[in-house]
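Inspection log for the structure reproduced underneath, given as structure tokens.
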């Protein structure tokens, strides 16, 4: 079964020439939305995605405005509202060393350097300078781990395990 990853959600049309407003959840706007790039549109009441090819992209306020090849009129894209744009796993870009996709980190077990298990990553927050990994502890409490070199010492994606050196007071 093909695996897909969200890029954004179409929230409305824009103008009369077939542009749509997208709230994006991608860090790769330039490559995801470049002319000729392919996206899969998943609509709520449809089994099969629609393959769309980017004709144009621009930023407007907090939205990405996209136009697709073959869809040049507002009436062509009205039905796309509420649809989710996705890419296939083959379209994921290679990341630099010590960079990870959210889906690679969520679900990993977090351990101290001494082997003590702290919990599992359930969510990733992106508040500013660095990401913060939300760990659901064995005590059912949530703990917040900054993704910085001083704390995160090793990530083993094959073993789905992350080794950390917790800051003082982190798990109290």
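The values are calculated or read from the model by the stated rules, or taken from the named source; none is laboratory data. Owing to the predicted nature of the structure, the values given are computational and were not obtained by experimental measurement. All Cβ positions, even for glycine, are placed from backbone atoms using ideal geometry, and neighbour counts span all protein chains on display.
Couple of notes before you dig in:
- When each of 97, 142 is tested for being at pLDDT 80 or above, within 25 Å of residue 27 (Cβ to Cβ) and in contact with a strand residue (DSSP E or B) (Cβ under 6 Å, 6 or more places away or on another chain), the lone residue that passes is 142.
- Residue in segment 65-81 that is modelled with pLDDT under 95 and touching a strand residue (DSSP E or B) at 6+ places or on another chain (Cβ under 6 Å) present: no
- Strands (runs of 3 or more DSSP E) (entirely within segment 1-84) containing at least 3 residues that are surrounded by 16 or more Cβ atoms within 10 Å (Cβ to Cβ) and without any contact (Cβ under 8 Å) to a residue 40 or more places away in the chain: 50-60
- Within segment 106-119, restricting attention to residues that are within 22 Å of the chain's Cα centre (by Cα) and over 14 Å from residue 171 (Cβ atoms), the residue that is modelled with the lowest pLDDT is 106.
- If you go through segment 91-126 and keep only what is touching a helix residue (DSSP H, G or I) at 6+ places or on another chain (Cβ under 8 Å) and either outside any strand (DSSP E or B) or exposed (fewer than 14 other Cβ atoms within 10 Å of the Cβ) (or both), you end up with just 93.
- Unmet criterion (only one of (1) assigned by TED's automatic domain parsing to the domain that holds residue 23; (2) in contact with a strand residue (DSSP E or B) (Cβ under 8 Å, 6 or more places away or on another chain); (3) more than 17 Å from residue 27 (Cα to Cα)) for residue 108: (1)
- Close pairs from segment 128-156: first surrounded by fewer than 16 Cβ atoms within 10 Å (Cβ to Cβ), partner at pLDDT 90 or above and in a loop (DSSP other than H, G, I, E, B), Cβ under 6 Å, at least 6 apart: 130/147; 130/148; 153/165
- Only listed residue being in the same structural domain as residue 8 (by TED's automatic domain parsing) and closer than 19 Å to residue 22 by Cα, chosen from 73, 45: 73
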